[in-house]
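Just so it is clear, none of the values below were taken in a lab; they were calculated from the coordinates. Values in this document were obtained by computation on a predicted structure and should not be read as measured data. Here the Cβ is made from the backbone with ideal geometry for all residues, glycine too, and neighbour counts use every protein chain on show.
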Amino acid sequence: MNAYSKNKVLLSAENIHLQYGEKKILRDINFSIKDIHREGLQQGQVVALIGRSGIGKTQLFKTLSGLVKPTEGVVKIDEDQHEVKAGQVGIVPQNYILFNHRTIFQNLKIGLDNGETKLTEEEKKRIIDDYAITFDLTDHLKKYPAQLSGGQRQRVSIIQQVLTGNKFILLDEPFSGLDILMVDRVIKLLLKVSTLNEQNTLIIVSHDIENATAVSDTVWVLGNEEGKPGATIKKEYDLCEMGLAWRPEIRTDRKFVELIDEIKKQL
Ligand SMILES: Nc1ncnc2c1ncn2[C@@H]1O[C@H](COP(=O)(O)OP(=O)(O)OP(=O)(O)O)[C@@H](O)[C@H]1O
Ligand SMILES: [Mg+2]
């Protein structure tokens, strides 16, 4: 069995409510993501936020990234738990669009240009070349986004966010519109990113239950409760505790199949 422990809080949401006029979108959302330690391993955190279409996932995504200010409540990040501001977490939005008039190399460089550390052009090139080797994009660096497949573009936009140096990366529907092979490659990429740094924390917002659950250590189900307006986190599943985390081959495991069935019933 994997020995692990959960330690200090990296990101927390406290009493989040979001309302547009009379319309309540999110209600009383509370959670925290803790730093996971695994013996002898560099292990980041991967959390899936699952809910049916239109329930409020993108709105919660925007709230967590500081792009939308909640009507009530606060999202806090980092060891000092300061209130999140736009730009402090990396985002890969739903239907992400790269800069079409720039090459893949230049698109990746945007990540580094926006990062905190000052690097020379030569250093940037070396870093991008290294990442391209690791993530199998070397042949594409000179191409333009239109010359790549949707899955390849998706991977570029994820790596672009990794290059900004943000430890928190929020992804809105990272599997949508991809075929099974590309989904597998995106999953491998996400798992790799999650082990690049202890503190790397991915939050995957998705209605794709199987794929989002397969890569995650924690799953939250966003849904409605009877008689109450607005979506809230109805259920949290700790996959570490269930022995289902960090196992990419998990899909055929009976416990995993049962968990997916249970999550589906909550939606
Ligand atoms: N600016 C706004 N004003 C009022 N209502 C809004 C606004 N933005 C979104 N909504 C509403 O919030 C609800 C949640 O939308 P959201 O985009 O978060 O859904 P979602 O779960 O991401 O759906 P999908 O899976 O289709 O992406 C919807 O009913 C939508 O109409
Ligand atoms: Mg959405």
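Sparse packing (at most 11 other Cβ atoms within 10 Å of the Cβ) combined with a DSSP loop state is found for the following trypsin sites (Lys or Arg not before Pro) in region 74-140: Lys118. Note on Lys23: lysines with a C-alpha under 28 Å away, same-chain residues under 8 apart excluded, are Lys57, Lys62, Lys69, Lys76, Lys85, Lys228, Lys234, Lys235, Lys264, Lys265. Once C-alpha pairs closer than 8 Å and six or more residues apart are averaged by separation and normalised to the residue number of the chain, the relative contact order reads 24 percent.
Computed over all pairs of different Cα atoms, the Kirkwood value for the hydrodynamic radius of region 1-154 is 18.5 Å. Cross-link partners for Lys24 among the aspartates and glutamates, with Cα-Cα distance under 16 Å and sequence neighbours closer than 8 places in the same chain left out: Glu72, Glu225, Glu226. Take the convex hull of the alpha carbons in the chain; its mean projected area over all directions comes to 14.9 nm².
Defining a contact as two alpha carbons under 8 Å apart and six or more residues distant in sequence, what relative contact order in percent does region 95-165 show? Before the final figure, lay out each step's value.
On the way: 63 pairs, mean separation 40.2, N = 71.
Reported as a whole number, the value is 57 percent.
Counting only C-alpha contacts under 8 Å and six or more residues apart, can you give the relative contact order of region 169-267 as a whole percent?
Working: 114 pairs, mean separation 23.7, N = 99.
Answer for region 169-267 is 24 percent.
By DSSP, the beta bridges lying fully in the chain are antiparallel in about 60 percent of cases. Under a Gaussian network description of the chain, with springs only between Cα atoms under 10 Å, the residue in Gly44, Gly165, Gly243 that fluctuates furthest is Gly243.
Which order do Phe135, Phe61 fall in if you start with the one that has the fewest other Cβ atoms within 10 Å?
On the way: Phe135 18, Phe61 23.
Final ranking by Cβ density, sparse to dense: Phe135, Phe61.
Got a sec? How would Met242, Met182 order by Cβ neighbour count within 10 Å, fewest to most?
Details: Met242 13, Met182 17.
Final ranking by Cβ density, sparse to dense: Met242, Met182.
Roughly what percent of Cα-Cα pairs across region 119-177 reach past 16 Å? Please report the intermediate quantities before stating the final value.
Details: 834 of 1711 pairs.
Result: 49 percent of Cα pairs exceed 16 Å.
A DSSP coil position with no more than 15 other Cβ atoms inside 10 Å describes the following GluC sites (Glu not before Pro) in region 64-159: Glu79, Glu116.
Would you order Ile203, Ile158, Ile127 from fewest to most other beta-carbon atoms within 10 Å of each residue's own beta-carbon? Kindly include the intermediate steps, with their values, before the conclusion.
Details: Ile203 25, Ile158 22, Ile127 17.
Least crowded to most crowded, the residues run Ile127, Ile158, Ile203.
Here the Kirkwood formula puts the hydrodynamic radius of region 112-267 at 17.4 Å, using every distinct Cα pair.
Here's the list of lysines a cross-link from Lys125 could span, going by alpha-carbon distance under 26 Å and ignoring same-chain residues fewer than 8 apart: Lys109, Lys142, Lys143, Lys167, Lys188, Lys192.
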